[in-house]
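The values are calculated or read from the model by the stated rules, or taken from the named source; none is laboratory data. None of these values were measured; they are calculated from a predicted model. Cβ placement follows ideal geometry from the backbone for every residue including glycine, while neighbour counts extend to all protein chains displayed. These accessible areas exclude ligands, DNA and RNA; they are computed on the full protein's heavy atoms, side chains included. Shrake-Rupley method; radii C 1.70, N 1.55, O 1.52, S 1.80 Å.
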Amino acid sequence: MHELSIAMNIVEIAEEEAKQRGVEVSAVYLKLGPLSGVVKDALISAYEMAVCGTSLEGSRLVVEEVPVVVFCPRCREKRSPRSFQWLCCPECDTPAPEVVQGAELQITALEVKDET
Ligand SMILES: [Zn+2]
């Protein structure tokens, strides 16, 4: 399962970071674009499996989905294509292969447990 190896990787990164800072993680925040090829719900269930037996057990994965934005070479503008399978400018229908945003799979923040 594709998502499980990604989830395990996220857990690994977060664990490493938590160890370095000497904190316990309660949530991992992730930015996810549709072009990453990762399904949000599948990733969240994979995360729940991946944290089992690690120091992140019981923590949450919070996924923020970001929309696809492409750059249209004809309008010279950033546009949101109608479909992310077919990257065309919605205004002039010119193919816009330059992706500005939408392929993210990136940890943005860790929420840590309070010491008290
Ligand atoms: Zn255009």
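Over 21 Å from H2 (Cβ atoms) and in contact (Cβ under 8 Å) with a residue 24 or more places away in the chain: is that true of V100 in this structure? Taking the combined requirement at face value, the residue satisfies it.
This table checks each residue for (1) within 16 Å of the ligand (Cβ to nearest atom); (2) under 19 Å from L110 (Cβ atoms); (3) part of a helix (DSSP H, G or I).
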| site | (1), (2), (3) |
| --- | --- |
| K31 | no, yes, no |
| Y47 | no, yes, yes |
| V62 | no, yes, no |
| V70 | yes, no, no |
| P81 | yes, no, no |
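Of all residues in segment 83-109, how many are part of a loop (DSSP other than H, G, I, E, B), more than 11 Å from the ligand (Cβ to nearest atom) and open to solvent by less than 70 Å² (accessible area, probe 1.4 Å)?
Looking only at segment 83-109, we keep the residues that are part of a loop (DSSP other than H, G, I, E, B), and these are 83-87, 89-94, 96-97, 102-104.
Restricting the remaining residues to those that are more than 11 Å from the ligand (Cβ to nearest atom) gives 83-87, 97, 102-104.
Right, trim to open to solvent by less than 70 Å² (accessible area, probe 1.4 Å) and you get 83, 87, 102-104.
Summing the residues that are part of a loop (DSSP other than H, G, I, E, B), more than 11 Å from the ligand (Cβ to nearest atom) and open to solvent by less than 70 Å² (accessible area, probe 1.4 Å) in segment 83-109 gives 5.
When segment 35-65 is examined, which residues are found to be open to solvent by 70 Å² or more (accessible area, probe 1.4 Å) and under 16 Å from the mean Cα position of the chain (by Cα)? Result: V39, D41, E48, R60, E64, E65.
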